[in-house]
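Structure record follows, encoded as structure tokens.
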Amino acid sequence: MDPTSDTASALAGQPHAIVERDGVRYTLLGTAHVSRASVDAVREAIASGEYDHVAVELDPARMQALVEPEAMARLDLVEVIRTGRTAMFAANLALAAYQRRLAEQLGIEPGAELKQAVLDARERGLPYTLIDRDVGLTFRRAAARLGWWQRIKLGGGLVASLVASDEVPEHEIEKLKEGDILESSFAEFASHSPELYETVIAERDRYMAAGLREAGASNPRNVLAVVGAGHLAGLARELQTQQSDPAQLRGELEATAKKRKVPWIAIVVALLLVGGVVWGFQHGGLKMASGVVVQWLWITALATAIGAAAARAHPVSILVAALVGPFKPFRPTVPSGAFAALAEARLRKPTYADFISLREDVRTVAGWYRNRVARTLLVFMLTCFGTVAGEWIAIARIVGKLAT
């Protein structure tokens, strides 16, 4: 049987592009992440025997989530919080929840064709490469491009997607058939934000093209790249024109520059507090100055503790929140929620069952409180909210008292 005819049959009716570069023939197969036809096309293409290397639009974390769903149970939540990856964990969880809704609605797991490409490559002993960028890095780079209000909206949208139970709108599904799972997840924002589109789509086209060139350096003759149809044109263009060293380019697109922006809000709060103490001392001596400090301490401590208590945190976690809350303006880079969540994760260590049921539990409010992983995230978020609310309540009361 002629393998070329088998390949032609597999690609018939499927969006694809062929790019030849540096002695390697790259066949880019554009897929719909919610289409059984795409799964069949991937299986037929790999079964044709024409390809000696398979590249897939996945990163290691997403592949593990698709191929080994139970792998999340091996996650060290304490380490996630300690290393400041709480937001990244929440982003991955939001993506998983979105995919779960699609799977239940359409009867097919989003990304099933990507999973099948990995499984079939393994079964046939073909080398394969995961060419996509880690979704956490993409989220972090996307957030860094947005203003503070857009970041709040993005974070709020991700949290809302965790508990959403309604069906995914038809227009989103149609967009997903032609596009990309991350773009669909950020649909509300990407369509109105060039910065977000650049990070979620265009940057990943460059990143995956560099990954394909690195795979080509291992001397395959024919590479099959399975990617979302939304990446087909950009990836083909990048693969044809890219000149930078692929390893260097991937490194640049993985970098997340440390924020050098001045934390103006924290500085303003700290200046208002210090100014209130100085003004109080000048007009009422030590008694009035100490009164300002005491008022700041009890209001911010109480508000932070209320936030943790609203998440039904452990009593010790609530105490930790109350102790660290008043000092937030003087450590703007470390949120109060991180301390409380770290205490919560240590005192109520999540079990294997918590991780296994996490995706299901976060779909209901009761599930958030029942699941120890979800409740730790809730402690983080509500403690941070309590601290911010307490700061501004305290400032308003101090200003009002001094004004009288």
Derived scalar couplings ³J(HN,Hα) [region 294-301; Karplus, 6.51 cos²θ - 1.76 cosθ + 1.60; whole Hz; x for Gly, Pro]: 4, 5, 4, 4, 6, 5, 5, 5
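Can you compute the equivalent ellipsoid semi-axes for region 273-348, i.e. the square root of 5 times each eigenvalue of the Cα gyration tensor, sorted largest first and rounded to whole Å?
Details: eigenvalues 177, 29, 11 Å².
One finds semi-axes of 30, 12, 7 Å for region 273-348.
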Residues with amide H under 5 Å from that of Ala55, placed H, sequence gap 5 or more: Thr129, Leu224, Ala225, Val226
Globularity index of region 226-383, i.e. its alpha-carbon radius of gyration over 2.2 N^0.38 Å: 1.55
In Å², nearest 10: area of Phe385 left accessible to a 1.4 Å probe: 150 Å²
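The values are calculated or read from the model by the stated rules, or taken from the named source; none is laboratory data. Since the model is a prediction, treat every value here as computed from it, not as a measurement. Each accessible area value is taken on the protein alone, full model and side chains, heavy atoms only, with ligands, DNA and RNA left out. Shrake-Rupley method; radii C 1.70, N 1.55, O 1.52, S 1.80 Å.
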